[in-house]
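**Q** Sending over a structure as C-alpha cells; questions will come in a sec.
Bear in mind these aren't lab numbers, they're just calculated from the coordinates by the rules spelled out. Since we're looking at a predicted model, the values are computed, not measured. In this analysis, Cβ positions are derived from the backbone assuming ideal geometry, glycine residues included, and neighbour counts consider all displayed protein chains.
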Amino acid sequence: MKHMRLFILVCLGLFLFKDGALAKQNKQQPNILWIVTDDHRYDAVRAFNKMLHGREMSELGYVESPNIDKLTEMGTTFVNSYCHSAVCAPSRAAMHYGRYPFRTGVYAFEYHNNNLDHCKPTLPEQMADLGYQTFHVGKLGVRIKTITAEGKTKAHPIYQNDVSFKQMAKDGMTDWGKDWFRTFEGEKLEKPIKNLVFFVSPDGTFEYNSTELERQKPEFAGMSEEVLKKYDLLRIYNEKKGKHLDKGMILAGVSSQPAGKTRDGYYNKVLIDYLNNTDPKFKVGSQTVNGLEADKPLFVHLGYDFPHTPVIPPKSYRDRFQKYKYDVPEFDEKELELMPRQIQGYRKQAETDHFSDEEKQKMVQDYYAFCAYGDDLIGKSTEAFIKYSEDRNQPWTIVYVNGDHGWKLNDKGAVSKCTPWDVDTHNPIVIVSSDKKKFPPGKVVKDYTEFVDIAPTILADGGANLKSKQFAYLDGMDMAEVAAGKAPIRDYIIGESHAATGPRAFIRTKEFVFSMQTRPWKKNQENLDWARKANLDQIDPALYDMVNDPKETNNLAFDKKYKAITEAMREKLTNIIFDERVEVDWEKWGSGTKSYKSKNIPDAHDYKLDLPGVM
C-alpha cells in the first residue's frame with residue numbers, strides 16, 4: 001500500500017509538471033477573486049483621481065469610493081492600465097484569453113468558434129488545469145461557441161460552476177432583466193420580442209417596458225408609460241425624432257429594489273452564500289451548481305453590471321446624490337470638423353448635448369450614485385472573500401479591474417463608449433494579496449499595463465510557469481514582475497475594436513495617441529494588407545497631442561508639422577497589428593469557420609517607440 005501511494009504521488013507530480021506548466025514552489029496556491037465592473041470611468045474613484053490628477057473628486061464633481069480606495073491602500077495600483085477595446089465583449093475576450101484582438105480575431109460581439117486553429121484555452125480553463133475549482137457569477141461577455149465538423153453549434157462553458165444572471169432575472173431575483181421572448185405566460189407570441197426589458201418590484205411583480213408587448217397583449221396597454229414614470233427613466237433620444245417609451249439606453253432612473261436586492265446586490269449574495277455553503281450542491285433560484293471542494297484552491301470571477309445601463313441606482317443612493325450639482329462636459333461643434341469620420345458616425349448615434357440641463361444633471365448624478373453603490377458592494381464581496389480564506393489559513397489574492405472600459409458623460413457631446421479616447425479606454429487595476437512582498441500595500445505603478453496582462457498575472461499567481469510552451473501564446477506580462485521592475489517598460493499600449501465605430505485600431509504613448517481604420521467595414525477579411533497600402537485619407541486617421549490637448553479635441557493627423565509623428569505611429573501600429581494578424585469570416589454570429597492569418601513581422605512589438613520631433 002505504501003508503494004502504491006508513492007507511485008500515485010509520482011504520477012501526479014509528473015502530470016502537474018508536464019512541460020513545466022507548474023512553477024516549482026513550496027507555497028500553497030492562493031484563492032483568487034477577480035472582479036470586473038462595467039462601463040466604469042476611473043474618475044468615479046477618489047484614489048485614482050488623486051494618483052493621476054492630485055485631487056480626490058472628479059473634474060465633474062462629487063464622487064465617493066471608500067472601499068476601492070481601501071483596496072488601493074491594501075495593495076498595488078496599476079493606475080495607467082488600458083483596455084484594448086472600449087466595447088464589452090472584445091474587452092472581456094482579451095482579458096479571458098490574455099491575447100490582443102488581432103491574435104484572437106475577436107473584435108466585436110461575435111459568438112466565436114473555438115475550434116479554429118488559432119484559438120487557445122481561456123483563463124478559467126487553464127486555472128482548472130492548475131488544480132483550481134472555478135466559479136463565476138454576474139456578467140461574463142465571453143461569447144464562445146463550438147462549431148463541430150458536422151457544422152453544428154454547441155455551447156462551450158469555460159467555468160466549472162457558472163450562475164446565469166439571465167436565469168436569476170427570470171426567477172425574479174434581480175431588479176431588472178431583458179431577454180428574447182418568443183412565448184409569454186405560456187402563449188406563443190405573434191412576433192418574437194427582442195430585448196424586452198422588465199422590472200421586478202419588491203413584492204415580486206413583473207412590470208414590462210415594451211410597446212410591442214402592449215400591441216400583442218392589450219391587457220398591458222399603458223404599462224410602458226407607467227414604468228417610465230414610476231422609475232423616472234431617462235432614455236437616450238434623438239434630437240429630431242424625440243423621446244420614445246421603450247427604445248434607447250436608460251441613462252438615469254431609480255431601481256425597483258432597495259440596496260442589496262438589485263442585480264449586483266444578488267451577485268454579492270450568491271457569492272457570499274456560495275462561500276458559506278457546505279453542501280455538495282448549491283442552489284440559486286431554479287439553478288443548481290456544484291458546491292465548494294475543500295481540498296482545492298478557489299478561483300472566482302465576479303462580474304458586476306454597474307454602472308452599465310440601465311443606470312438605475314437604489315433610491316437611498318439616488319436621493320443622496322441628487323443634492324450635488326455637476327459640471328457637465330461642454331461640447332464645441334467645431335471639433336466635428338477634424339473628428340474622424342468613423343467616430344463622427346458613432347458619436348451621432350450616442351449624442352446627448354441636446355439634452356436639457358436637468359436631464360444632463362440627472363444622467364451624471366445617477367451614474368456616480370450607481371458607482372458609489374457598487375463600491376459598497378465591492379467592499380462587502382472582498383471582505384467576505386478575505387474572511388473565507390483567512391478562516392481556513394489559506395493565502396489569497398484579489399484582482400480588481402475598474403471597468404471593462406470607460407464611459408462618456410456628455411464628453412464629446414455624447415454618452416456610451418466604443419471610441420479610443422482616454423475616457424473610454426483608461427481603466428486602472430488594483431491587486432491585493434496576502435503576499436505583501438509580491439503586491440506591496442499602497443504602491444502605485446505608473447508604467448503602462450494592459451488588459452492582456454490580467455490572465456498571465458492570475459496564472460502566475462496560481463502557480464503557472466509562464467515560460468513553459470503551454471503559455472507561449474500569451475501576449476501580456478505578469479504584473480507582479482511589472483511592480484517589481486523586472487518586466488520591460490512599455491513606451492506604448494495598443495488596442496482595436498470593430499463594434500459601433502467600424503474597424504479601428506489605436507496606439508497610445510504618454511505624449512500622443514494615434515488611431516486609424518484597419519479595413520473596410522465588414523468586408524474583405526482576407527485582405528489583410530488594406531490598411532498598410534491605403535492612403536492617409538482612406539485610413540481616416542486621428543492624432544492627438546496628450547500633453548497640450550489632454551481632452552483630445554484637435555486632430556493633428558493632417559497637420560504638416562506632425563507628419564513625421566503620424567507616419568511613425570502609423571508604421572508602428574500597422575506593423576504590430578498585422579504581425580500574424582487573425583481575421584475570421586464572421587458573416588453571421590457563430591458562423592466563423594475559416595480564418596485568415598497574415599505573415600510574421602519580426603520584432604514588430606518590442607514595446608519601444610522613439611518618436612521624431614514636431615517639424
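**Q** Using the number of other C-beta atoms within 10 angstrom as an exposure proxy, rank D279, D319 with the fewest first.
**A** Taking fewest neighbouring Cβ atoms as first place, the list is D279, D319.
**Q** Moving on. Report the rotationally averaged projected area of the chain based on its alpha-carbon convex hull, in square nanometres.
**A** 29.6
**Q** Turning to a different aspect of this structure: Mind giving me the nanometre distance, one decimal, between the label points for K152 and E239, set 7 Å out from Cα along Cα→Cβ?
**A** Once both label points are built, they end up 5.4 nm from each other.
**Q** Tell me which DSSP H helices of the chain clear both cut-offs, 30 Å or more of axial length from alpha-carbon atoms and a mean Kyte-Doolittle hydropathy of at least -1.0.
**A** 357-391
**Q** Roughly how compact is the range 176-252, stated as its Cα Rg over 2.2 N^0.38 Å to two decimals?
**A** 1.11
**Q** Let me ask something additional. When only DSSP loop residues count, what GluC sites (Glu not before Pro) in the range 187-267 have their Cβ near at most 12 other Cβ atoms within 10 Å?
**A** E239
**Q** While we're looking at this one, here's another question. Helix-derived [θ] at 222 nm for the chain: sum -39500 (n - 2.57) over DSSP H runs of at least 4, divide by residue count, nearest 500?
**A** -8000 deg cm²/dmol
**Q** Can you give me the C-alpha center-to-center distance between the range 70-98 and the range 300-344, rounded to a whole angstrom?
**A** 19
**Q** For the residues I272, I458, what sequence is obtained by ranking on other C-beta atoms within 10 Å, fewest first? Don't skip to the end; give the middle numbers.
**A** Numbers: I272 17, I458 27.
Sorted ascending by nearby Cβ count, the order is I272, I458.
**Q** Ordered by packing density, taken as the mean number of other Cβ atoms within 10 Å over each peptide's residues, highest first, how do 449-456, 310-317, 109-116 rank? Write out the running numbers ahead of the final one.
**A** Values: 449-456: 25.9, 310-317: 23.4, 109-116: 19.9.
Going from most to least packed, we get 449-456, 310-317, 109-116.
**Q** Please give the net charge around V163, taking every other residue with its beta carbon less than 15 angstrom from that of V163, where Lys and Arg add +1 and Asp and Glu add -1.
**A** +2
**Q** Taking the Cβ of each residue in W521, W421, W530 as the centre, tally the other Cβ atoms inside 10 Å and list the residues starting with the fewest. Don't jump to the answer; show the numbers that get you there.
**A** On the way: W521 13, W421 23, W530 18.
Lowest to highest Cβ neighbour count: W521, W530, W421.
**Q** List the trypsin sites (Lys or Arg not before Pro) within the range 361-411 that DSSP assigns to loop and that have no more than 13 neighbouring Cβ atoms inside 10 Å.
**A** Answer by residue number: R392.
**Q** Which trypsin sites (Lys or Arg not before Pro) in the range 69-117 pass both tests, a DSSP loop state and at most 15 other beta-carbon atoms within 10 Å?
**A** none
**Q** Further question: Pairs of Cα atoms under 8 Å, at least six residues apart: use those to get the relative contact order of the chain, whole percent.
**A** Relative contact order here is 23 percent.
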